[in-house]
Structures are given as structure tokens and as C-alpha cells.
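First comes the structure, then the notes that go with it.
Computed from the coordinates by the stated procedures, all read-outs in this text should not be read as laboratory data. All of these numbers come straight from a predicted model, not from anything done at the bench. With ideal geometry, Cβ positions are generated from the backbone for all residues, glycine too; neighbour counts draw on all protein chains shown.
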Amino acid sequence: MKPVVEIVIPQLAESLVSATIDKWLKQPGDRIEIYEPICELITDKVSAELPSTISGTLVKILVGNGETVPVGTPVCLVEADSAPQGESEAAAPSATEESSQAASSSELGHSMRNRYSPAVQQLAAEHGVDLSGIAGTGLGGRITRKDVLAYVAGKGTRSANAPIAAPGTQSPQQVRSTGLHLSNEPAIPTIETQGSPIPGRGEYFIDVSPVRNTIARNMSQSATEIPQGWMMIEVDVTNLVVLRNKVKDEFMKREGINLTYLAFVLKAVVNAIKDFPMMNSMWAVDKIIVKRDINISLAVGTEESVATPVIKNADHKTIAGLAREIDDLARRGREGKLTLADMTGGTFTVNNTGSFGSIVTKPIINYPQAAIITFESIVKRPVVINDMIAVRSMANLCLSLDHRILDGVICGRFMQRVKDNLESYSLDTQLY
């Protein structure tokens, strides 16, 4: 008799506590090869495919489309081609073996029971919850965020004076990224989707997808928790336009990709961050964390959502290197092939709203970063130069800032440095 094995939601990232089944790629009775994708997952960061860990036949689906489950939850049963190593396909376990297995399960449950993820520890500290009194429903009895939230909703009340620190944490060194209690995830509304407009009414309903729900939660947290300031500066990019027009065809022949203005903008922004490192920081309630690595989050929009993949160590890359990174991330973002690794670690966000013809934008900060800058559309305008009117290629740069960390003086100087960097491009600028 062939063994039946459970396929579970893996720990795709350290901060990942749950995932939503978007759709099943295989159905009961289908043949599955090892590492073959069996379903598509949606997480807080990105969509991903769940590969099978064994070869065999899909027997039963345990979690349906649209359901959200914690990490470690079995999602399906697969009849394996062969028994796992060390097991017999035909022999049933004896009483001694069952006892041994029970003891092993107990030991596993005990070891997992006392292992808490950073998200669980933070949530417990915020609500003053003693984790030792909560029953875990995760893999091996591990406590998940949903277990903590259920405990708080059913029994727990936040301690007003001295919250209880989570086991294993060191309170004096604990770093919090938020001073508000926004850990509860908003429930996805259950709305009957109408295939056509309601008779007699000029409206119809669209279910909120998990991705859209995540975007809504993150944007609401940013707008609610961060006191956001805003400023704009005008930049003369005439020399940049001349430079790009001169080298773009040769660059296309050499690299096979389009040389966009955004690569030059990123280089100008990164060099300015080097001079003003406070722009590359985040709020931690009782301290400010200044990041040494400059990892630029790049806003990539599709018809359904927007993603912010990250260019790691952007300060180590040339203009050509940034252009290659932009093309790769934008292409994979449109194709839905971004990974969790692509989406994590960002320290500052750059958005190119000018590609839509926009000339002024007030962007929302990519939480928990300190600032976001947008590069607007390049337009020809009459400009006064040395008391004479000239037609120049002009563009606006718009910055949203976290006023808990940044003030007008440092942001004004930062914007002026970005402006100077952009206006300093010439025909002698090196791409490599």
C-alpha cells in the first residue's frame, strides 16, 4: 500500500505567518512530479507557487481556493510513489513503534511549542499576553499570530501599565516599528459577486482580492500612523534628455533593453542619499534606525495591483547596472514572477509617475520607510535664464516624508542635491 503524505504551507520568509490559496493547478487524481507546482499562493509580499515535495498522485485537497491558513497547515494529500526513507510500505506500525512515534510527536510539539516568531513576540508584547498560556494551532503546536489574536479577542485585555514581555525576548533591546496597535488584519468582506449590473441599479460588486486587501491594509497603516509631509522641486533635465537621446540606440544594441530616464534618476537619488543618510531610515518608536545599505524599492504597477521590488545595494551599481535591474524587475513584475526575496529589504522608494503623464503627485510612504520620491513627466516649458526666456525640458520631483524622522531642512537639502545631480548630467557622463 502506498503511503499518503501531507503537503504543507512552507515558511517562505521569516516574517510570513500565513498564506492564501489563490487557485489549484492540480486536481484530485492528477499525477504530480516532485518540485512541480500544485497551487498558487498569495502572501503579504508576493504571489508564489507551491511545489510538491514528493512524486505521486493528488488524492485530496484540504484547503480550497480563497482560504487563508497559517504556515505549516496541510493543504492536500498526495499518494507517494514510494515510502519515505526508513519506512516500510506494507508493514503496519507496532504498538512499540506507535508509542515511539507518539513520544516523538510530543517532543516535536514541545520544541515547536516554545519557538515564537518575531511577529508573534511583537504581538504578544503589544497586547500584554503571556504566550505560555496560549494553545498553539500551528505546526507541532507552534503559536501563530491568529492564536494570539484569538486569545486577545476571547480573554485578553491589554495591560495599561506594564505589558508582559514575550518569553525569550529582551525588553531593553526590543525594537518596535509601530506605536499603534494595528496588528489585527481586516477581515475580507464576503460579497456576492454580480456577473452583471444589478437590475435597476447602476452598480455592481467586486470581491476584494487578498492582494488588494494587503495593499489596503499597508496603505491605511502608512496614512494613519505616519505624519506625512510633502514637498516638490522643479528640475531642468534638458542636458539629461540630450544625453539619453545620444546613447539610447547604442545602449539598446549593446544591452538589448531600453535605457529609461529612471536609471539616471535612481543614480541621482542614490548619490544624494549617500550625502544625507538620514533619508535612508525608519522609525522604531524609541529610536531611529539608519540603514547602511541603500536598497531602492521600485514601484511597479499592473492593472490589478502595485508591487515594490527592491534593487539591493543600489549605491554599488552604475547607470547601466541600474537600467538592467529596472528592466528585469519591471518585466517580472508584469509577468507575476517576482519572489519574496525580490520584495524584502527596501530602505527608500522611488516611483516614476511621469510615465503616465503626471506632473504633480503626492505619494504615500512605503511603510515603514521614511520617505518616497516620485519623478514626474518631462515637459517643455518657457524658463527664464539670465533674464532671457528659453524653452527647456523640465520635470518635477515630489517627496513625501515621515515628519517623525525628517524635517524640512534636511529634506530640502536632499531634494536640492538630487536636483543638482540630475542637472549635472552631460555628454561626458559615463554609463558604465
- request: For residue 379 and residue 55, calculate 0.36 nm times their separation in residues minus their Cα-Cα distance, and state this gained length in nm to one decimal.
  value: 110.9 nm
query: Contour minus end-to-end for residue 249 and residue 206, with contour as 0.36 nm per residue of separation and end-to-end as the Cα-Cα distance?
result: 11.1 nm
statement: Once Lys and Arg are counted +1 and Asp and Glu -1 for all other residues with Cβ under 11 Å from that of residue 279, the total becomes +2
- prompt: For residue 153 and residue 328 in one chain, what is 0.36 nm times their gap in residues minus the Cα-Cα distance, to one decimal in nm?
  reply: 58.6 nm
query: Rounded to the nearest 0.05, what FRET efficiency is calculated for residue 79 and residue 313 with R0 set to 41 Å and r the Cβ-Cβ distance?
result: 0.35
query: Which FRET efficiency value, to the nearest 0.05, do you get for residue 302 and residue 390 by plugging their Cβ-Cβ distance into 1/(1 + (r/R0)^6) with R0 = 30 Å?
result: 0.15
task: Among the lysines, select those whose C-alpha is under 17 Å from the C-alpha of residue 274, and discard any that sit fewer than 8 residues away in the same chain.
output: 291, 312, 317, 419
task: Quick one: which residues, 5 or more positions from residue 392 or on another chain, have an amide H under 5 Å from its amide H? H modelled 1.01 Å from N in the peptide plane, none for Pro or chain starts.
output: 381, 383
